[in-house]
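One structure below.
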């Protein structure tokens, strides 16, 4: 474990939603290697339990519970787990989210739109609603909300997802301004399509679709989870103390066009 303050997470109590797979699972492992204490939530029991077992074998202090992030009560319970088990919360990563199949805007149905708002927007609101007071009590903290490139630009055939991810950016910027004097940093991460279960196991899995998505990036490939998580670590870093309210694209150059 490095003692460089940029990568030293010893003593940091970190909550992660959507921790069972994708970015969340990899981030949990990376933080554990750097000394963090973890509170993990996911809606799926099996991958969450497998991750916890792996972490505990490495003597990581970790608590986990099922959490449907569209439920305010369950999000509140996850934050309370951090307080009850570890006495507080230093960092939170509101990572859980869902996509929807490619659909032209005029063909979107209300149920699909509502589901995007419930899982991708309310989850971030509920998370910060309960994370922020804990951080206020101890004089500071860091929150990272996972948005998307669809949160800073148009996303053809992903209108509901884009609307939800734009809303995450609005919540992030507002919370950052409200909490800046209290030493609570709030930033958003906006990845391009990356090889996570949402992409590889969802409606974007076929080779022709992935080739099309890759061609949209100047690097001509999708992102790798470890590339996205490296920037998550940077944004959460205890040494990164003056950066707040930012929307950081990790996109192979897409936003440079």
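Annotations
- Rounded to 10°, Cα long-axis angle of helix 159-179 versus longest principal axis of the chain: 30
- Taking other C-beta atoms within 10 Å as the exposure proxy, 224, 58, 34 rank 58, 224, 34 from fewest upward.
- Shape class for the range 88-178, computed from the alpha carbon gyration tensor (a ≥ b ≥ c): prolate, with a/c not under 1.5 and a/b above b/c.
- Value at 222 nm in deg cm²/dmol, rounded to 500, when DSSP H runs of n ≥ 4 in the chain each add -39,500 (n - 2.57): -13000 deg cm²/dmol
- Least to most buried among 157, 165 (fewest other Cβ within 10 Å first): 157, 165
- On Cα atoms only, tilt of 45-57 relative to the major axis of the chain in degrees: 40
- For the peptides 71-80, 143-152, 248-257, the ranking by packing is 143-152, 71-80, 248-257, with the highest mean count of neighbouring Cβ atoms within 10 Å listed first.
- Inter-centroid distance (Cα atoms) of the range 138-203 relative to the range 65-79, Å: 19
- Acute angle (nearest 10 degrees) that the helix 225-236 long axis makes with the longest principal axis of the chain, alpha-carbon atoms: 50
- Efficiency of FRET between residue 212 and residue 66 - r from beta-carbon atoms, R0 45 angstrom, step 0.05: 0.80
- The range 140-257: C-alpha gyration tensor shape, a/c 1.5 cut-off, then a/b vs b/c: prolate
- In terms of its C-alpha gyration tensor, the range 1-61 has a prolate overall shape, because the principal axis ratio a/c (a ≥ b ≥ c, square roots of the eigenvalues) is not below 1.5 and a/b outweighs b/c.
- Panel order for 158, 105, 51, by other beta carbons found within 10 Å of each beta carbon, from fewest to most: 105, 158, 51.
Bear in mind that the values in this text are calculations on the coordinates, not laboratory data. These numbers were taken from a predicted model, which means no experiment stands behind them. Glycine gets a Cβ as well: all are built from the backbone with ideal geometry, and neighbour counts include every protein chain shown.
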